[in-house]
Amino acid sequence: MTIRFIAASQLPTPWATFMLHGFQEESSGKEHVVLTLGDVTTPAPVLARVHSECLTGDALFSMRCDCGYQLQEALKRIADEGRGALLYLRQEGRGIGLLNKIRAYALQDDGADTVEANERLGFGADQRRYDICVPMLAHLGIQSLRLMTNNPRKVEALSQDGVEIHERLPITTGRNPFNEHYLTTKVGKLDHMMDLDDFTPASSVDIERDA
Ligand SMILES: Nc1nc2c(ncn2[C@@H]2O[C@H](COP(=O)(O)OP(=O)(O)OP(=O)(O)O)[C@@H](O)[C@H]2O)c(=O)[nH]1
Ligand SMILES: [Zn+2]
């Protein structure tokens, strides 16, 4: 997978001012970014998240999934530690794209679960690859990750691609009435390693407003 570093800049956020590194995949033209904080080039394993783009969760405050909550939690944890990296991969919809995800959501509104919906649209349950992480991590001098994820397939795929995963750290946050079924499906059908009782619930304000 050939990926080109394009540019980097500062990115102030409510938790810390990160460095924002922009990359472009040569084959697809897709643009991916990595946020880093502190010196990530030293050998000590880096607190990290490999986050798949979810426009609805990350930018539109969707409560249908846990993505937006995980994104904020990961940035907060990295800021608290003062060192870390968040790889933001443009693989919306577990790789099927935003408009197909909306089609999948419509099927879920009619009773399908998140895996069935993908399959009814002719896709696999999860179409993502993570090999794009390898050249980005190499460019940034990151040698080993303490990866915040509940997804064993992500850990396995990254390891097989040659990324050194020193440790997996759970990131269970944002559980709410609107994503309960989605979360249980991820446990039941996508092998996610999480117990719903471990989840930090979404803030009560959200639930009151939307109940
Ligand atoms: N096709 C599809 N994609 C979804 C759905 N809900 C969330 N996504 C996408 O799933 C991706 C996030 O996957 P998750 O399973 O939430 O999390 P993960 O990255 O696999 O695992 P974690 O690292 O533990 O968060 C994003 O690209 C979302 O757009 C859905 O119902 N259908
Ligand atoms: Zn999401």
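The values are calculated or read from the model by the stated rules, or taken from the named source; none is laboratory data. Since the model is a prediction, treat every value here as computed from it, not as a measurement. With ideal geometry, Cβ positions are generated from the backbone for all residues, glycine too; neighbour counts draw on all protein chains shown.
Assorted remarks:
- Of all residues making up region 126-149, the number that are crowded, with 18+ Cβ neighbours inside 10 Å, assigned to a loop (DSSP other than H, G, I, E, B) and not charged (D, E, K, R): 4
- Val34 vs. criteria crowded, with 21+ Cβ neighbours inside 10 Å, farther than 30 Å from Asp113 by Cα and in contact (Cβ under 8 Å) with a residue 24 or more places away in the chain: yes
- Members of region 64-104 found to be over 19 Å from His32 (Cα atoms) and near ligand 2 (Cβ under 10 Å from one of its atoms), listed by number: Arg64, Cys65, Asp66, Tyr69, Lys101
- Among (1) over 22 Å from Gln127 (Cα atoms); (2) in a loop (DSSP other than H, G, I, E, B), the one test that Ser62 misses: (1)
- Members of region 13-63 that are in contact with a Leu (Cβ under 9 Å, 6 or more places away or on another chain), away from ligand 2 (no atom under 16 Å from the Cβ) and among the hydroxyl-bearing types (Ser, Thr, Tyr): Thr13, Thr17, Thr36, Thr41
- Pair list, Cβ under 6 Å, 6 or more apart: region 170-195 residue farther than 24 Å from Arg77 by Cβ, other residue in a helix (DSSP H, G or I) and modelled with pLDDT of 80 or more: Thr185/Thr114; Lys189/Val115
- Beta carbons closer than 8 Å, at least 6 apart along the sequence or on distinct chains, pair a first residue in region 58-72 that is modelled with pLDDT of 95 or more with a second that is within 9 Å of ligand 1 (Cβ to nearest atom) and basic (Lys, Arg) for Gln70/Arg49; Leu71/Arg49.
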